[in-house]
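See structure below.
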Amino acid sequence: MLVIKVGGSAGNNYDALCDDLAARGSAAGPVVLVHGGSDETNKLGEALGHPPRFVTSPSGYTSRYTDRRTLELFMMAAGGVVNKSLVERLQARGINAVGVSGLDGRILAGKRKATIRIVEDGRQKMLRDDWTGTIEHVNSGLLRTLLDAGYLPVVAPLACSERGEALNVDGDRAAAAIAAALGADTLLLLSNVPGLLRAFPDESSLITRIPRNDVESYLSFAEGRMKKKVLGAQEALAQGVGQVVLGDARVAECVTRALAGHGTVIG
Amino acid sequence: MLVIKVGGSAGNNYDALCDDLAARGSAAGPVVLVHGGSDETNKLGEALGHPPRFVTSPSGYTSRYTDRRTLELFMMAAGGVVNKSLVERLQARGINAVGVSGLDGRILAGKRKATIRIVEDGRQKMLRDDWTGTIEHVNSGLLRTLLDAGYLPVVAPLACSERGEALNVDGDRAAAAIAAALGADTLLLLSNVPGLLRAFPDESSLITRIPRNDVESYLSFAEGRMKKKVLGAQEALAQGVGQVVLGDARVAECVTRALAGHGTVIG
Amino acid sequence: MIATCPECAAEISLPADTLESEIISCPECGAELEVISLTPPTLALAPEVEEDWGE
Amino acid sequence: MIATCPECAAEISLPADTLESEIISCPECGAELEVISLTPPTLALAPEVEEDWGE
């Protein structure tokens with residue numbers, strides 16, 4: 001069982017990824033593809049005059065502030081065009097993909113961060129109406145049903161709160177949670193860098209191996225989104241995922257290369 | 001088995017529809033909810049400077065010209081925010097909905113109308129790069145799997161061409177095809193009118209009953225979108241659907257009322 | 001502008017405001033032709049298309 | 001502007017540029033308070049919030 005997460009950022013080559021999945025074929029075992037959507041959401045927001053607002057927590061943790069309007073843009077971008085374009089690419093290559101989000105069938109049960117503390121212009125404030133969430137647990141029944149019926153699930157990073165509210169969640173953490181719930185052999189986190197770099201953005205400073213019980217000491221090399229990937233990796237390994245590979249989504253045969261050890265192998 | 005299609009136009013009350021579905025509960029039998037998205041797509045297109053372009057066929061038949069950009073807007077609006085907001089409303093009312101489109105799992109196998117003939121400024125022209133399609137057949141396996149597992153499928157009107165291209169299809173015709181494929185007892189087409197009106201827009205001129213083998217003669221009362229609903233009804237009845245009801249999506253308990261005969265009952 | 005009918009090879013003179021992808025019928029053989037390009041003016045048989053449209 | 005601390009009932013004077021939902025701590029008892037509204041100036045205990053955020 002292989003769970004792949006591909007980011008939305010420019011440079012990531014969806015076609016190359018889908019070519020590789022088609023070439024590998026179903027003999028390579030079941031696959032779940034999780035994707036992001038933050039870049040597309042930012043672009044859509046800017047074009048519609050509702051640019052993204054990033055906020056910082058008192059401890060310096062930045063994240064997107066998802067008010068209701070931004071959540072709807074996220075549904076359009078991540079839940080809509082990114083999800084369905086990936087499904088389209090896979091269908092065009094003979095792979096019977098099914099696009100869903102974590103909201104559907106409550107695949108991703110999340111906890112809403114309705115109130116968050118932020119620091120803005122030097123002042124601490126409470127911010128409400130935030131539709132961001134963290135993942136509490138995975139209802140993997142629907143995913144197993146789809147996999148058993150031979151489909152390739154393509155999952156958009158929306159979750160469902162206890163009260164049935166749609167939530168914006170982190171794609172990497174979603175992929176980690178799904179990999180853990182399905183007992184995946186490998187969680188592959190693809191992005192527009194070769195893997196974890198000792199000296200970002202110098203791509204020759206690639207860290208090729210991280211022992212599973214020493215992830216903590218490598219966290220300092222990770223910034224911004226890469227930090228969330230390493231955190232996700234840690235969570236996945238702690239919950240029984242065989243290995244995590246941080247791979248490069250820009251190159252051809254990105255899945256095959258990553259599984260052959262190209263990138264940062266953790267585990 | 002009940003297949004419902006709800007249009008996206010203003011005035012349609014999604015909350016009232018979802019309240020009624022929750023009140024009826026699963027004891028009322030399996031339900032598939034198909035929705036539209038053309039109004040949301042128009043609004044999105046206008047806001048993004050890509051307004052909808054409607055074209056007319058030589059025989060006077062108008063339809064939206066779906067170039068690739070419009071298809072992506074349709075994925076965002078219909079496949080994204082409309083689909084996921086309906087799923088969210090149902091989840092909030094304790095109904096375990098799963099949002100998909102006809103592209104997913106090739107539920108709706110369509111034929112692409114890549115080239116169409118139009119009349120513009122009095123001249124006949126060929127128009128290419130049209131991502132509109134008609135439904136060839138329904139792969140109902142995925143829908144049955146979801147229904148058997150107790151989910152309520154919410155289907156966006158995208159289809160999948162033989163070559164795996166995403167296609168924009170008519171929501172009413174999609175609902176009719178799904179109802180026929182699932183052998184539904186009732187196909188309920190909800191929109192922002194009480195039903196087929198003898199003298200549109202006079203709502204007191206409601207036609208309450210149309211015998212199944214006399215639909216043809218009522219076609220003349222139907223204009224624009226309503227014509228497609230009546231065509232869809234005809235197709236559904238011809239393929240074994242028990243009855244078709246044209247109901248009012250603006251009122252409370254719209255499903256229960258329609259099933260009790262309020263609206264235009266065909267069959 | 002002069003173009004040749006692909007069906008009967010007749011010489012067809014196209015009005016100055018002819019548009020690309022416009023459909024014209026050949027005055028000689030009546031075939032329905034599509035203006036494939038204007039530079040140079042080229043015609044091809046207009047594809048048959050069913051009437052029924054999607055959304 | 002004067003507001004009362006919900007924890008120790010102390011009178012707290014709020015600077016003119018205080019913002020709604022701003023967090024301040026009570027000079028008397030040190031409790032973390034949120035400015036619920038400015039008209040009239042009202043304070044409530046600031047909710048505890050875990051650090052970990054989503055996307």
Quick check on my filter: what residues within the stretch C:20-39 are over 10 Å from the mean Cα position of the chain (by Cα) and either closer than 18 Å to B:ARG117 by Cβ or among the hydroxyl-bearing types (Ser, Thr, Tyr) (or both)?
C:GLY30, C:THR39
Subset of the stretch B:112-132 (residues that are touching a residue at least 24 places away in the same chain (Cβ under 8 Å) and either acidic (Asp, Glu) or surrounded by fewer than 17 Cβ atoms within 10 Å (Cβ to Cβ) (or both)):
B:VAL119, B:GLU120, B:ASP129, B:ASP130
Taking A:VAL34 as the residue in question, decide whether it is away from every other protein chain (no Cβ under 12 Å) and part of a strand (DSSP E or B).
yes
Elements of type strands (runs of 3 or more DSSP E) in the stretch B:45-122, at least 2 residues being more than 9 Å from chain A (Cβ to nearest Cβ) and more than 16 Å from the chain's Cα centre (by Cα):
B:54-56, B:108-112, B:116-120
Is one or more of the residues making up the stretch B:185-198 away from every other protein chain (no Cβ under 12 Å), in contact with a Pro (Cβ under 8 Å, 6 or more places away or on another chain) and surrounded by 24 or more Cβ atoms within 10 Å (Cβ to Cβ)?
yes
Answer yes or no as to whether A:ALA179 is crowded, with 23+ Cβ neighbours inside 10 Å and not polar (S, T, N, Q).
yes
When (1) at pLDDT below 95; (2) buried (at least 24 other Cβ atoms within 10 Å of the Cβ) are applied to A:VAL82, the one that fails is (1)
So the check is Cβ under 7 Å with 6+ separation or different chains; which pairs have a first residue in the stretch D:34-50 that's of a type in the set (S, T, N, Q) and a second one that's part of a strand (DSSP E or B)?
D:THR42/D:ALA3; D:THR42/D:ILE36
Confirm whether B:VAL3 is in contact (Cβ under 8 Å) with a residue 24 or more places away in the chain, over 27 Å from A:THR41 (Cβ atoms) and in a strand (DSSP E or B).
yes
Pairs where the first residue, in the stretch A:158-177, is farther than 28 Å from B:ASP19 by Cβ and more than 10 Å from chain B (Cβ to nearest Cβ) and the second is among the aromatic types (Phe, Trp, Tyr) and outside any strand (DSSP E or B), C-beta under 9 Å, 6+ apart
A:ASP170/D:TRP53
Tell me which of these B:LEU21 doesn't satisfy, since it passes every other one: (1) in contact with a helix residue (DSSP H, G or I) (Cβ under 6 Å, 6 or more places away or on another chain); (2) under 25 Å from B:VAL138 (Cβ atoms); (3) at pLDDT 95 or above.
(1)
Which one is farthest from the chain's Cα centre (by Cα), of the residues in the stretch A:24-44 that are surrounded by 20 or more Cβ atoms within 10 Å (Cβ to Cβ) and within 16 Å of A:VAL154 (Cα to Cα)?
A:VAL31
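Can you tell me which residues in the stretch A:132-145 are more than 9 Å from chain D (Cβ to nearest Cβ) and either at pLDDT below 90 or in contact with a helix residue (DSSP H, G or I) (Cβ under 8 Å, 6 or more places away or on another chain) (or both)?
A:HIS137, A:VAL138, A:ASN139, A:SER140, A:GLY141, A:LEU142, A:LEU143, A:THR145
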So which residues in the stretch A:223-233 are without any contact (Cβ under 8 Å) to a residue 40 or more places away in the chain and either more than 22 Å from A:ASP170 (Cα to Cα) or surrounded by 20 or more Cβ atoms within 10 Å (Cβ to Cβ) (or both)?
A:MET226, A:VAL230
Can you find, within the stretch B:243-263, the residue that is modelled with the lowest pLDDT among those that are under 14 Å from the mean Cα position of the chain (by Cα) and of a type in the set (A, V, I, L, M)?
B:ALA249
Subset of the stretch B:7-17, residues surrounded by 22 or more Cβ atoms within 10 Å (Cβ to Cβ) and either without any contact (Cβ under 8 Å) to a residue 24 or more places away in the chain or within 17 Å of B:THR256 (Cα to Cα) (or both), comes to B:LEU17
All but one of (1) out of contact with any Gly (no Cβ under 9 Å at 6 or more places or on another chain); (2) under 20 Å from A:MET75 (Cα atoms) hold for B:LEU86, so report the exception by its number.
(1)
Kindly evaluate A:LEU21 against the criterion of being within 14 Å of chain B (Cβ to nearest Cβ) and surrounded by 22 or more Cβ atoms within 10 Å (Cβ to Cβ).
yes
Kindly establish whether B:PRO51 is at pLDDT below 95 and within 27 Å of A:MET75 (Cα to Cα).
yes
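The values are calculated or read from the model by the stated rules, or taken from the named source; none is laboratory data. All figures in this text were calculated on a predicted structure; none of them were measured in a lab. Here Cβ is always computed from backbone atoms with ideal geometry, including for glycine, and neighbour counts include all displayed protein chains.
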